[in-house]
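Down below is the structure, laid out as structure tokens.
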Amino acid sequence: MSKIKISDLAKEFGMTWKELAGEIEELTGKTVKSPSTKIDEEIVSLLRDVLQPAGESEEVVEKEKKVDKEEGYRVFELSHDWNIPFEELAEDLRAIGYTRSIDNFTILDKETVDRLKAYIEEKEKKEKEKELEKKKEEKEEKKVKVEKKVEEKVVEVKEVKKVEKKEEKVEKIEKKEEVVEKKPEKKEIKRKEKAYTKEEKPEKKKIAEEKPKKKEVKEAKKPEKPKVEITEEKEETKIKIPEAEIRKETKEEKAELEALKKLMGPQPKKKKKKKKKKEEEKAPVETKEKEEELKIAIIPEVVTVRELSDILDMPVNEIMAELLKRGILATVNQTIDPEIALQIAEEQGFLAEIQKEGEEVKIVEELPQEEKKKLLGEEEEEENLVERPPVVTVMGHVDHGKTTLLDTIRKTDVAAKEKGGITQHIGAYKIKLSNGKEITFLDTPGHEAFTTLRARGSKVADIAVLVVAADDGVKPQTVEAINHAKSAGVPIIVAINKIDKPGADPERVKRELAQYELIPEEWGGDTIMVPVSAKTGQNVEELLENILLVSEILELKANPNRPAIGTIIESKLDPKRGPVATVLIENGTLRQGDYFVAGFTWGKVRAMFDERGRQVKEATPGTPVEILGFNEVPQAGDKFVVKPSEREARLLAEQRKQKYEEELQARKTRIHLENLKDVKEINIILKADVQGSLEAITKSIEELSEKFEDVTINIIHSGIGAITESDVMLAAASNALIIGFNVRPDASARKAAEEEDVDIKIYGIIYDLIDDLEKALKGMLTPKEREVLLGICEVKQIFRIKGVGTVAGCMVIEGVIKRNAKARLVRDGVVIYDGEIASLKRFKEDVKEVAKGYECGLMLKDFNDVKPGDQIEAYEIVQERAE
């Protein structure tokens with residue numbers, strides 16, 4: 001390392017070498033005696049950081065120049081330039097007395113920026129001073145602790161010396177008593193000395209006191225004259241001993257101390273050694289326990305006894321013994337229930353999970369990629385990995401140009417120009433660009449199909465293209481699409497469509513999207529936004545290039561040399577060809593004649609067709625194909641996995657079907673308002689009739705979440721209007737509650753909620769909503785009343801009769817309408833009236849009920865504002881006992 005002279009460095013900082021020497025002594029503690037002394041580069045860099053020489057860094061100068069030049073600055077730019085989060089910057093502005101509203105686009109004048117900069121610098125200095133003070137306090141605490149330990153050791157040493165001195169005195173007394181006593185008594189004393197050295201310290205004093213008593217008892221048996229002489233001699237020795245000790249302490253102490261050390265010294269040393277050995281023994285035990293904690297076992301759906309023994313690294317006999325304990329007699333090659341295999345693995349200390357074919361395992365998500373691949377058996381050579389086309393889904397609001405954009409993209413397909421357009425609508429298609437690259441598009445635009453697939457645990461799309469009209473901006477369905485893409489963890493590319501229209505304003509769209517954390521790249525964000533015109537084809541090729549760019553960043557690769565894995569996109573029962581399904585191949589190659597499993601069904605690939613209706617013999621990764629050969633119609637979103645034999649495919653499908661039937665009997669209960677106690681996270685979908693109510697409810701729920709620190713309440717989606725099927729599917733995918741305020745679910749949403757067991761709660765008063773939520777979180781809410789929908793009728797015509805009122809001529813479209821039942825009038829998804837049915841007639845006769853498909857005339861109690869197109873829901877309240 002090169003060194004620099006003190007004199008040269010002093011010139012650089014503009015000070016004398018003595019001043020610089022003083023600074024070095026303060027920082028490092030080293031003394032510098034002459035200007036020719038050389039110092040290391042590390043100390044030089046430290047001095048430059050602390051002293052901040054006149055020649056400041058170019059970046060700081062540039063920033064100051066920018067601040068001097070510009071008249072006004074956006075808060076967003078300042079936070080980006082200074083690397084300070086927006087929230088902190090807003091707090092600092094309020095601290096310096098800035099009273100106006102603050103957002104990303106607030107413009108600040110030069111004076112405010114200067115004040116803010118000075119305040120931030122002072123704040124940083126104070127923080128540094130606090131850190132230095134903390135460090136000093138820590139050092140002082142350490143010193144105090146060390147001093148205490150030293151004092152404790154000194155006290156211990158003193159105590160040991162005192163004990164040793166006491167023991168010396170006791171031994172001297174005993175030796176001189178031995179001289180007076182007879183020989184047999186000396187033997188007894190020696191035996192007692194041995195016992196005394198082994199026993200504890202408090203017992204030594206007792207032995208010393210007991211000895212003279214025993215001697216007196218023995219001497220009492222002898223004649224009286226010798227007894228008197230002996231006692232006199234003892235008294236003389238007791239008087240003389242202390243005087244002799246005082247004179248001979250210096251000479252005798254050394255010899256006695258050495259003797260005591262030999263007796264007492266080795267014992268504590270042995271204990272220390274034992275402690276060390278125990279600590280050394282504990283250390284490997286603890287490491288072994290940690291290793292045992294990290295044991296992971298992934299159990300396949302179909303597993304034999306031998307396979308389980310290999311997975312758990314246990315002898316087959318032990319596994320068979322464990323099965324016998326559970327009343328199962330199985331051979332080595334017999335398949336066992338994966339749930340029982342899971343129990344055995346957990347008993348042996350494994351972190352185990354059942355891996356369903358084609359699905360991801362949760363317990364290996366946090367592990368590094370290499371370990372994850374080893375555990376899952378997915379180690380593939382890089383030579384076999386090949387780039388695959390990205391799978392893209394198009395999402396957005398109604399009439400923003402999704403379908404037109406897909407049509408324009410189809411026209412850019414090179415293969416379509418050469419060999420004719422797409423004739424078969426199979427749910428997905430692959431286009432080839434002029435540069436030879438390929439992209440797979442999902443043919444069902446919108447987020448409903450996307451959510452349906454995700455609700456069944458399938459991640460099909462790699463990239464989501466969000467279409468927003470430049471003349472219309474962000475709409476409720478756009479926000480819904482953003483929430484769907486974010487919850488699925490899919491990167492978003494924004495296509496700002498209709499830029500050819502006169503009222504187009506792409507900048508407005510960017511500002512609105514920035515509120516939903518989609519910040520464009522030109523503003524320093526990471527979201528690609530491409531202005532396009534689906535009608536004229538302007539910038540469509542640029543959009544496709546950006547899709548390819550994102551796919552390159554994602555490094556989408558697959559191995560075509562392995563058995564195929566894919567996802568069912570669409571399925572139907574064709575009257576001529578039988579069960580038919582569209583499969584998107586994700587990895588491997590699918591060939592004609594392969595056996596496969598998809599959900600609860602299995603089959604053999606009899607024929608495959610591409611999107612142009614041509615028969616193909618094999619399908620590579622990223623290719624959508626229509627397949628014939630299913631035993632039953634599979635569900636959209638099911639994983640499609642190729643198996644080596646017909647037996648394995650059939651066995652796995654039957655096992656899945658059996659489990660599904662068991663689950664139907666004891667259905668997995670979703671989150672309900674009545675069972676929120678001890679739940680740590682609650683997802684809510686909120687729908688209201690107006691924006692003001694929506695904001696008030698959102699604020700009230702946020703305040704409620706602050707009361708319960710252990711519970712986090714997430715409003716994953718909120719909007720205005722009726723509860724739709726899309727809301728129900730999002731709730732099913734996210735295990736969420738749906739709360740409606742003065743809005744009702746439509747027929748399709750109601751059916752979906754019943755099928756998916758999603759809880760929908762409707763309220764008309766905010767206080768009732770908040771009270772129910774609070775009671776539910778405390779576990780106090782018990783189901784008392786339940787609403788049962790009887791039927792729905794649609795108003796076709798209105799008849800106004802004098803003296804009677806308005807009679808609604810209706811057609812019953814669902815269920816049964818009963819007289820005297822409770823009724824609710826719904827107009828455009830919003831509840832207008834909630835009361836009772838006053839009268840119900842069919843032609844001129846009063847009837848008790850009218851069934852589906854029949855016409856009727858009805859009157860609502862104390863309500864006449866009925867219009868054609870309104871829907872009247874008849875319902876009743878059922879009382880339930882709290883369980």
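In table form, for the structure just shown:
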| item | result |
| --- | --- |
| Matching residues, region 296-332, being within 14 Å of ALA345 (Cβ to Cβ) and in contact (Cβ under 8 Å) with a residue 60 or more places away in the chain | ILE296, ILE298 |
| Residues of region 1-36 that turn out to be of a type in the set (A, V, I, L, M, F, W, C) and assigned to a loop (DSSP other than H, G, I, E, B), as a count | 3 |
| Qualifying residue in region 570-586 (condition: closer than 27 Å to ILE439 by Cα and more than 35 Å from the chain's Cα centre (by Cα)) | yes |
| Check on ALA696, open to solvent by less than 30 Å² (accessible area, probe 1.4 Å), touching a residue at least 40 places away in the same chain (Cβ under 8 Å) and among the hydrophobic types (A, V, I, L, M, F, W, C) | no |
| Top-ranked residue in region 540-568 [being open to solvent by 10 Å² or more (accessible area, probe 1.4 Å) and among the aliphatic types (A, V, I, L, M); ranked as farthest from LYS411 (Cα to Cα)] | ILE565 |
| Long-range neighbours under 7 Å by Cβ, at least six apart or interchain, first residue closer than 19 Å to PHE640 by Cβ and acidic (Asp, Glu) within region 339-362, second at pLDDT below 80 and open to solvent by less than 30 Å² (accessible area, probe 1.4 Å) | GLU357/GLU301 |
| Qualifying residues in region 726-744 (those that are outside any helix (DSSP H, G or I) and open to solvent by less than 10 Å² (accessible area, probe 1.4 Å)) - the one nearest to ILE716 (Cα to Cα) | ALA736 |
| Some residue of region 569-585 being surrounded by 18 or more Cβ atoms within 10 Å (Cβ to Cβ) and farther than 30 Å from ILE493 by Cα | yes |
| Hits in region 385-409 (condition: basic (Lys, Arg) and more than 24 Å from ALA504 (Cβ to Cβ)) | ARG388 |
| Residue satisfying condition, being surrounded by 15 or more Cβ atoms within 10 Å (Cβ to Cβ) and touching a Pro at 6+ places or on another chain (Cβ under 9 Å), within set GLY829, GLY805, GLY791, GLY857 | GLY829 |
| Qualifying strands (runs of 3 or more DSSP E) (wholly inside region 506-612; at least 3 residues being over 30 Å from LEU652 (Cβ atoms)) | 528-531 |
| Residue count for region 69-111, restricted to those that are surrounded by 13 or more Cβ atoms within 10 Å (Cβ to Cβ), of a type in the set (Val, Ile, Thr) and not in a loop (DSSP other than H, G, I, E, B) | 1 |
| Options ALA747, ALA776; residue that is within 33 Å of the chain's Cα centre (by Cα) and aliphatic (A, V, I, L, M) | ALA776 |
| Identity of the residue in region 660-686, out of contact with any helix residue (DSSP H, G or I) (no Cβ under 9 Å at 6 or more places or on another chain) and modelled with pLDDT of 70 or more, that ends up surrounded by the fewest Cβ atoms within 10 Å (Cβ to Cβ) | LYS680 |
| Residues of region 517-539 satisfying the condition of being farther than 17 Å from THR404 by Cα and surrounded by 15 or more Cβ atoms within 10 Å (Cβ to Cβ) | LEU518, ILE519, PRO520, TRP523, GLY525, THR527, ILE528, MET529 |
| Every pair of residues 6+ apart whose Cβ atoms lie under 9 Å, when the first sits in region 380-399 and is within 26 Å of LYS498 (Cβ to Cβ) and part of a strand (DSSP E or B) while the second is modelled with pLDDT under 85 and among the aromatic types (Phe, Trp, Tyr) | THR393/PHE450; MET395/PHE450 |
| Any chance GLN592 is open to solvent by 70 Å² or more (accessible area, probe 1.4 Å), touching a residue at least 24 places away in the same chain (Cβ under 8 Å) and more than 29 Å from ASN333 (Cα to Cα) | yes |
| Count - residues of region 442-496 that are at pLDDT below 80, assigned to a loop (DSSP other than H, G, I, E, B) and either more than 24 Å from the chain's Cα centre (by Cα) or under 22 Å from THR404 (Cα atoms) (or both) | 4 |
| Where a residue in region 530-551 is over 11 Å from ILE439 (Cβ atoms) and its partner, wherever it lies, is basic (Lys, Arg), with Cβ under 7 Å and at least six apart | SER533/LYS498 |
| Any hit, region 639-653, residues being outside any loop (DSSP other than H, G, I, E, B) and touching a helix residue (DSSP H, G or I) at 6+ places or on another chain (Cβ under 6 Å) | yes |
| Contacts under 9 angstrom Cβ, first residue in region 753-782 being under 18 Å from ILE701 (Cα atoms) and basic (Lys, Arg), partner at pLDDT 85 or above and open to solvent by less than 50 Å² (accessible area, probe 1.4 Å), 6 or more apart | LYS761/LEU737; LYS761/ILE738; LYS761/ILE739; LYS761/GLY740; LYS761/LEU769; LYS761/ASP772 |
| Scope region 400-439; condition surrounded by fewer than 20 Cβ atoms within 10 Å (Cβ to Cβ), in a loop (DSSP other than H, G, I, E, B) and at pLDDT 65 or above; matching residues | LEU433, SER434, ASN435, GLY436, LYS437 |
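A quick yes/no check of all residues on (1) in contact (Cβ under 8 Å) with a residue 60 or more places away in the chain; (2) among the basic types (Lys, Arg):
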residue	(1), (2)
ASN561	yes, no
ILE565	yes, no
ILE569	yes, no
LEU573	yes, no
PHE600	yes, no
ARG612	yes, yes
GLN615	no, no
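The values are calculated or read from the model by the stated rules, or taken from the named source; none is laboratory data. Remember, predicted model here, so these are calculated numbers, not experimental data. Note that we place each Cβ from the backbone using ideal geometry, even for glycine, and neighbour counts take in every protein chain shown. Surface areas here come from the heavy atoms of the whole protein model, side chains and all, with no ligands, DNA or RNA. Shrake-Rupley method; radii C 1.70, N 1.55, O 1.52, S 1.80 Å.
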